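The values are calculated or read from the model by the stated rules, or taken from the named source; none is laboratory data. The structure presented is a predicted model; accordingly, all values stated were derived computationally and were not measured. Glycine gets a Cβ as well: all are built from the backbone with ideal geometry, and neighbour counts include every protein chain shown.
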Ligand SMILES: Nc1ncnc2c1ncn2[C@@H]1O[C@H](COP(=O)(O)OP(=O)(O)O)[C@@H](O)[C@H]1O
Ligand SMILES: [Mg+2]
């Protein structure tokens, strides 16, 4: 385990059963089962194109599943009305692979946007305090009036995470949080993911193919292979196996 | 006959024709094998596109009348769409007025009827040119702008990011832009007619020394409420078309950066096509009412 914290194994915040998804003739997910418990950081590993992003987009209701069920905080995502889905999404924080900052808005406006859209009644000064507090949590308070294009990749990633924290989510979904970042910045992002877990008491799915990230952030590692969960367990358990697919992954990350 | 068409030339011509014939048969045969899927795919694409478009319109109207209304963003978009198009509309409207006056004068001179110029120009400008010119200019400027902006927001997942934070991107991005464009194109068209008539007046004043009061009186003598109403109806539907088409193409853009260019491009082409179709229908209907 990455570090000591409370996991409630009686409470599933995400429960996925028999999830299938194809695009035309391209079969992407072929029967994925996955649970995330309250307070747990689950790392999903897999090669590019195995459908990791598709998996969390289905969880967030951005893509419909072909078959199978996805329950988030006890609600079946595919059966929710537009309004109920919107309410559920307020409890999800989604960190996109390319940060997806609103590039016509300043950092402050990026952070304010979800709050203004969802809680228009919040007064100006408490919103301002919340923005500052959240930027402080990701260590970028000094960038408050910059534009996204003026930031580095790692800073953009932090702002993307900060923006999702504005709504105090219960579940975080990170899509390749360290992809495209240098090792030092990656370590900082990994630390931030654990800090978010601690500070906001979230559960999380962390998608990655970076094993350092998996090792430092994951309480449990799930390996996707050919559209299914191929291996599952702690980092040590998964990589103790001499399965060639797993070993290739390990060698590439640590030995090369 | 023989002299003009020597035998060998005729033969060569025939053989060229024959070759061409064979070639075209070969092409059509080659097409035959693929055409089923090609044509079928086209057909499928078209029907799917129509289905999507109808669903988009349904959603647009549903969201447009549901709370919350983003007045602030609508005003910002009005500024973007309306105010920023002013220089272009000023130039084109003014030039259209002058050029149309200059080109109409010779035919009227031959009847000794140059005093008809003001009313002729007013009819042409208000009934037809102002809404059409404004709409075509804005289809190019506003349409490509919206298409590219929303398209790049789509491919960089900014729209998904709004979606998953419960921020109602459809209301914030689409409804506001369509509303602003529907409001602003009529205003711009009126302004275009005004600037066009101004250009025309300056030219007429220079040549026929008509006073401003006479010009205005002559110009509006022939204009009925039906003309104004028809013109306004056109401008409103052109504005809606430009906004809705560009938003649709941008919001559903795909395939990386290529999708952005395609969204901007098809937004312009499709809205221009629809503008001409609407022009045809509205003019027809207004002529029935006349
Ligand atoms: N909206 C979509 N339409 C069509 N194909 C898609 C779509 N989203 C993803 N795919 C395809 O699904 C596969 C898995 O994609 P993705 O989940 O992004 O992989 P990764 O595991 O690298 O995140 C890829 O082959 C991708 O091309
Ligand atoms: Mg991915």
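With more than 16 Å from residue A:51 (Cβ to Cβ) and within 16 Å of ligand 2 (Cβ to nearest atom) as the only criterion, which of A:208, A:178 stands out? It would help to see each step written out before you state the result.
Details: A:208 fails: more than 16 Å from residue A:51 (Cβ to Cβ).
Result: A:178 is the single residue among A:208, A:178 that is more than 16 Å from residue A:51 (Cβ to Cβ) and within 16 Å of ligand 2 (Cβ to nearest atom).
Check B:84, B:76, B:42 and return the single one that is outside the structural domain of residue B:131 (by TED's automatic domain parsing) and part of a helix (DSSP H, G or I). If you could, list the steps in order and put the result at the bottom.
On the way: B:84 fails: outside the structural domain of residue B:131 (by TED's automatic domain parsing); B:76 fails: outside the structural domain of residue B:131 (by TED's automatic domain parsing).
Step by step, each of B:84, B:76, B:42 is checked, and only B:42 is outside the structural domain of residue B:131 (by TED's automatic domain parsing) and part of a helix (DSSP H, G or I).
In region A:169-179, which residues are away from chain B (no Cβ under 12 Å) and in a loop (DSSP other than H, G, I, E, B)?
Filtering region A:169-179 down to residues away from chain B (no Cβ under 12 Å) leaves A:170, A:174, A:176-179.
A:170, A:176, A:177, A:178, A:179, listed by residue number.
Using the structure shown, decide if residue A:193 is away from chain B (no Cβ under 14 Å), assigned to a helix (DSSP H, G or I) and under 11 Å from the mean Cα position of the chain (by Cα). Show your work before the answer.
Details: away from chain B (no Cβ under 14 Å): yes; assigned to a helix (DSSP H, G or I): yes; under 11 Å from the mean Cα position of the chain (by Cα): yes.
Yes.
State whether the residues of region A:172-185 include one that is farther than 13 Å from residue A:208 by Cα, touching a strand residue (DSSP E or B) at 6+ places or on another chain (Cβ under 9 Å) and either in contact (Cβ under 8 Å) with a residue 60 or more places away in the chain or within 16 Å of ligand 1 (Cβ to nearest atom) (or both). Can you show your working first?
Residues of region A:172-185 farther than 13 Å from residue A:208 by Cα: A:172, A:182-185.
Going one step further and asking which of them are touching a strand residue (DSSP E or B) at 6+ places or on another chain (Cβ under 9 Å), we end up with A:172.
From what's left, either in contact (Cβ under 8 Å) with a residue 60 or more places away in the chain or within 16 Å of ligand 1 (Cβ to nearest atom) (or both): A:172.
Within region A:172-185 (the criterion being farther than 13 Å from residue A:208 by Cα, touching a strand residue (DSSP E or B) at 6+ places or on another chain (Cβ under 9 Å) and either in contact (Cβ under 8 Å) with a residue 60 or more places away in the chain or within 16 Å of ligand 1 (Cβ to nearest atom) (or both)), the answer is yes, since at least one residue qualifies.
Consider residue A:121 against the criteria (1) within 14 Å of another protein chain (Cβ to nearest Cβ); (2) within 12 Å of ligand 1 (Cβ to nearest atom); (3) more than 20 Å from residue B:164 (Cα to Cα): it satisfies all of them except one. Which criterion is unmet?
Exception for residue A:121: condition (2).
Among the listed residues B:184, B:190, which satisfies the condition of being surrounded by fewer than 20 Cβ atoms within 10 Å (Cβ to Cβ), in contact with a helix residue (DSSP H, G or I) (Cβ under 9 Å, 6 or more places away or on another chain) and away from every other protein chain (no Cβ under 14 Å)? Step through it out loud before you land on a result.
Numbers: B:184 fails: surrounded by fewer than 20 Cβ atoms within 10 Å (Cβ to Cβ).
On inspection, the qualifying residue turns out to be B:190.
Could you please find all residues in region B:250-282 being surrounded by 14 or more Cβ atoms within 10 Å (Cβ to Cβ) and over 15 Å from the mean Cα position of the chain (by Cα)?
Of everything in region B:250-282, those that are surrounded by 14 or more Cβ atoms within 10 Å (Cβ to Cβ) and over 15 Å from the mean Cα position of the chain (by Cα) turn out to be B:250, B:251, B:252, B:253, B:259, B:260, B:261, B:262, B:263.
Do we find a residue being at the interface with chain B (Cβ under 9 Å from one of its Cβ atoms), touching a helix residue (DSSP H, G or I) at 6+ places or on another chain (Cβ under 6 Å) and at negative phi anywhere in region A:129-141?
Step one: filter region A:129-141 for residues at the interface with chain B (Cβ under 9 Å from one of its Cβ atoms), giving none.
Within region A:129-141 (the criterion being at the interface with chain B (Cβ under 9 Å from one of its Cβ atoms), touching a helix residue (DSSP H, G or I) at 6+ places or on another chain (Cβ under 6 Å) and at negative phi), the answer is no, since none of the residues qualifies.
Any idea which residue in region A:55-66 is farthest from ligand 1 (Cβ to nearest atom), counting only those that are within 14 Å of another protein chain (Cβ to nearest Cβ) and farther than 17 Å from residue A:171 by Cα?
By that ranking, first place goes to A:64.
Could you list all residues from region A:216-244 that are in a helix (DSSP H, G or I) and touching a strand residue (DSSP E or B) at 6+ places or on another chain (Cβ under 6 Å)? Talk me through it step by step, then tell me what you get.
As a first pass, look at region A:216-244 and keep what is in a helix (DSSP H, G or I): A:216-217, A:235-240, A:244.
A:217, A:235, A:238 - these are the residues of region A:216-244 that are in a helix (DSSP H, G or I) and touching a strand residue (DSSP E or B) at 6+ places or on another chain (Cβ under 6 Å).
Just checking, does region A:83-90 include any residue being closer than 17 Å to residue A:160 by Cβ, within 14 Å of chain B (Cβ to nearest Cβ) and within 16 Å of ligand 1 (Cβ to nearest atom)?
No: zero hits.
So, restricting to helices (runs of 4 or more DSSP H) that lie completely within region A:11-129, which ones have at least 3 residues that are within 20 Å of residue A:224 (Cα to Cα) and within 16 Å of ligand 2 (Cβ to nearest atom)? Working first, answer last.
Details: elements: A:52-59, A:82-89, A:107-118.
Answer list for region A:11-129: A:52-59.
Looking at region A:154-168 only, could you name the residues that are away from chain B (no Cβ under 14 Å) and over 17 Å from residue A:92 (Cα atoms)? So that I can check it myself, show each step before the final result.
Step one: of region A:154-168, the residues away from chain B (no Cβ under 14 Å) are A:154-155, A:158.
Within region A:154-168, A:154, A:155 qualify.
Would you check if there is a residue in region B:121-134 being closer than 30 Å to residue B:262 by Cβ, within 14 Å of chain A (Cβ to nearest Cβ) and in a helix (DSSP H, G or I)?
Looking only at region B:121-134, we keep the residues that are closer than 30 Å to residue B:262 by Cβ, and these are B:131-134.
Retained after the next criterion (residues that are within 14 Å of chain A (Cβ to nearest Cβ)): none.
No; the residues of region B:121-134 include none that is closer than 30 Å to residue B:262 by Cβ, within 14 Å of chain A (Cβ to nearest Cβ) and in a helix (DSSP H, G or I).
Would a scan of region B:45-66 turn up a residue that is outside any helix (DSSP H, G or I) and either at pLDDT below 85 or more than 30 Å from residue B:195 (Cα to Cα) (or both)? Steps first, please.
Initially, region B:45-66 is screened for residues outside any helix (DSSP H, G or I), giving B:65-66.
Okay, now just the ones that are also either at pLDDT below 85 or more than 30 Å from residue B:195 (Cα to Cα) (or both), so B:65-66.
There is at least one residue in region B:45-66 that is outside any helix (DSSP H, G or I) and either at pLDDT below 85 or more than 30 Å from residue B:195 (Cα to Cα) (or both).
If you scan region A:93-105, which residues turn out to be surrounded by fewer than 17 Cβ atoms within 10 Å (Cβ to Cβ) and either farther than 17 Å from residue B:150 by Cβ or more than 9 Å from chain B (Cβ to nearest Cβ) (or both)?
Residues of region A:93-105 surrounded by fewer than 17 Cβ atoms within 10 Å (Cβ to Cβ): A:103-105.
Hit for region A:93-105 is A:105, nothing else.
How many residues, within region A:9-54, are more than 14 Å from chain B (Cβ to nearest Cβ) and crowded, with 18+ Cβ neighbours inside 10 Å?
24
If a residue has to be assigned to a helix (DSSP H, G or I) and over 30 Å from residue B:219 (Cβ atoms) to count, how many in region B:135-172 make the cut?
Counting residues in region B:135-172 that are assigned to a helix (DSSP H, G or I) and over 30 Å from residue B:219 (Cβ atoms) gives 24.
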